[in-house]
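Peer 1: Quick one: this structure, given as structure tokens, is what I'll be asking you about.
Here, each number is a calculation from the coordinates, and none is a lab measurement. None of these values were measured; they are calculated from a predicted model. Quick reminder, even Gly has a Cβ in these numbers, built from the backbone with ideal geometry, and neighbours come from all protein chains shown.
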Amino acid sequence: MTEAATPKLLRTLAGETFERPPVWFMRQAGRSLPEYRELRTRAKDFLAFCYDPEMAAEATLQPMRRFPFDAAIVFADILLIPQALGQEVWFEAGEGPRLGALPEVEALAGEVEASTARLASIGETLSRVRAQLEPERALIGFAGAPWTVATYMIEGRGSDRSAARAFAYEQAERLDQILEILVEATARYLVMQARSGAQVLKLFESWAEGLAEDVFQRVVVGPHKEIIRRVRAAGVEAPFIGFPRGAGALVDGYADQVPVQAVGLDTQASLAQGRRIQAGGKAIEGALDNLLLRVGGPDMDRRIDTLIEAWSPGPYIFNLGHGVLPDTPVAHIERAVRRITGK
């Protein structure tokens, strides 16, 4: 691939810098777009939508037609792995995910090998998108990171994660076994995604906040390192982005220890923290407040300019500190992307 055709995102992950950074938004495909809401009515439920390669590919490509994003991220969900491992998963309208009783460790372990085959439709979605996406735009595959996925498996729904954190102390051995199962299933899933067309792989540690440093090392840093090791051992060279959302000051240690090519920063990340990570030889991604994107206006413009001015001297990917909110006006997304790209 020539330099001109190499996606700007991949060049940034390799250490290049640009006056205008590459940009994509977490949850850029989804409920903020009217065409997505129309498409969603055709599926019987959310999981059926995720598992339908034609519909999921269309959802992935919709924002790429609207906005000059530098990357598409496959339309899927972080809770597909527990379902593939045999735990009941469903979505309640207006309330989010629900999970059935946590299976025994032995039952989960017995489903690891079969889990990747059960997720084959995500690979087909990636292949469909890659065939339609321009060569200069990157395609991102992803998975929920083991701790975040485990919190849902343990608690059965989204929450403040206090029960999962208590589980980490009270049933430490059982949690470590669950995390090991999730590491292996996730590594296999990401290898499949890379072989299906994903050029970048992202680990979403959406619930990394509130953890003591020793627990963070055990349930976040260790599993992330091991997933990447196993993916590399399978011959996959796609760069990784790690996103330990909410980890605060512990993000610096994460950046030092985990062999990702970029670290995703959330809304609370300081400009100095981003520069420290860049000085350590890694790209950074983030960290515009998704609420500010929803509000829009001059304050949003100023924050965009501040982030670009502070971080573009180093390798930087413009993104949000969390996903696009469903009630974000499309005009605000257009304004933000125009401010970032000049297009």
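Peer 1: Give me the percent of Cα-Cα pairs in the stretch 173-307 that sit more than 17 Å apart, rounded to a whole number.
Peer 2: Values: 5577 of 9045 pairs.
Tail of P(r) above 17 Å: 62 percent of Cα pairs.
Peer 1: While we're here: Ordered by residue, what ³J(HN,Hα) values in Hz, to whole numbers, does the stretch 308-324 give under the Karplus form 6.51 cos²θ - 1.76 cosθ + 1.60, where θ = phi - 60° and Gly and Pro are x?
Peer 2: Per residue, the Karplus-derived 3J(HN,Hα) values read 5, 5, 6, 10, 5, x, x, x, 9, 10, 6, 7, 9, x, 6, x, 4 Hz.
Peer 1: Using the Karplus curve 6.51 cos²θ - 1.76 cosθ + 1.60 with θ = phi - 60°, work out ³J(HN,Hα) for each residue of the stretch 189-200 in order, rounded to whole Hz, and write x for Gly and Pro.
Peer 2: For the stretch 189-200, the Karplus-derived couplings read 4, 6, 4, 4, 5, 4, 6, 9, x, 5, 9, 9 Hz, x marking Gly and Pro.
Peer 1: If I model the chain as equal point scatterers sitting on the Cα atoms and use the Debye formula, what is log10 I(q)/I(0) at q = 0.06, 0.09 Å⁻¹?
Peer 2: -0.19, -0.44
Peer 1: Order these by the 10 Å Cβ neighbour count, fewest first: Asp252, Asp266. Could you put the intermediate results ahead of the total?
Peer 2: Numbers: Asp252 15, Asp266 22.
The most exposed by this proxy come first: Asp252, Asp266.
Peer 1: Next question, about the same structure. Among Ala59, Ala172, Ala120, which one shows the highest mean-square fluctuation when the chain is modelled as a Gaussian network with alpha-carbon springs under 10 Å?
Peer 2: Residue with maximal mean-square fluctuation among Ala59, Ala172, Ala120: Ala172.
Peer 1: Using a basic spin-label model with each label point 7 Å from the Cα along Cα→Cβ, how many nm lie between Arg195 and Ser312?
Peer 2: Label at Arg195, label at Ser312, 4.1 nm between them.
Peer 1: How high is the relative contact order of the stretch 1-159? Use alpha-carbon pairs under 8 Å, at least six apart in sequence, and give a whole percent.
Peer 2: That works out to 29 percent.
Peer 1: For the stretch 8-341, build the charge dipole from Cβ charges (+1 Lys, Arg; -1 Asp, Glu) around the Cα centre, then report which of Gln273, Ala117, Ala185 sits farthest towards its positive end.
Peer 2: Gln273
Peer 1: Arranged by the count of other C-beta atoms within 10 angstrom, fewest first, what order do Leu119, Leu250 take? Provide the component values of the computation, followed by the final result.
Peer 2: Details: Leu119 22, Leu250 19.
Starting with the residue having the fewest Cβ neighbours, the order is Leu250, Leu119.
Peer 1: Additional query: For the chain, give the magnitude of the charge dipole about the Cα centre (Cβ charges: +1 Lys/Arg, -1 Asp/Glu; no others), in debye to the nearest 20. Intermediate values should be presented prior to the final figure.
Peer 2: Values: 39 positive and 45 negative charges, 204 e Å.
Using only the charged Cβ atoms, the result is roughly 980 debye.
Peer 1: Okay, moving on. What distance in nm separates the two pseudo spin-label positions at Ala279 and Ser162, each 7 Å out from Cα along the beta-carbon direction?
Peer 2: Those two pseudo-labels are separated by 3.9 nm.
Peer 1: Please list, ordered by chain and number, the residues whose modelled amide H lies under 5 Å from the amide H of Glu205; skip anything fewer than 5 residues away on the same chain.
Peer 2: Hits under the 5 Å cutoff: Ala145, Phe243, Arg245.
Peer 1: Given a 10 angstrom Cα cut-off, can you work out which residue in Ala143, Ala166, Ala283 is the most mobile in a GNM of the chain?
Peer 2: Checking each option, the largest mean-square fluctuation is seen for Ala166.
Peer 1: Please tell me the relative contact order of the chain in percent, rounded to the nearest whole number, where contacts are Cα pairs under 8 Å and at least six residues apart. Could the numbers behind the result be given before it?
Peer 2: Details: 639 pairs, mean separation 76.2, N = 343.
22 percent.
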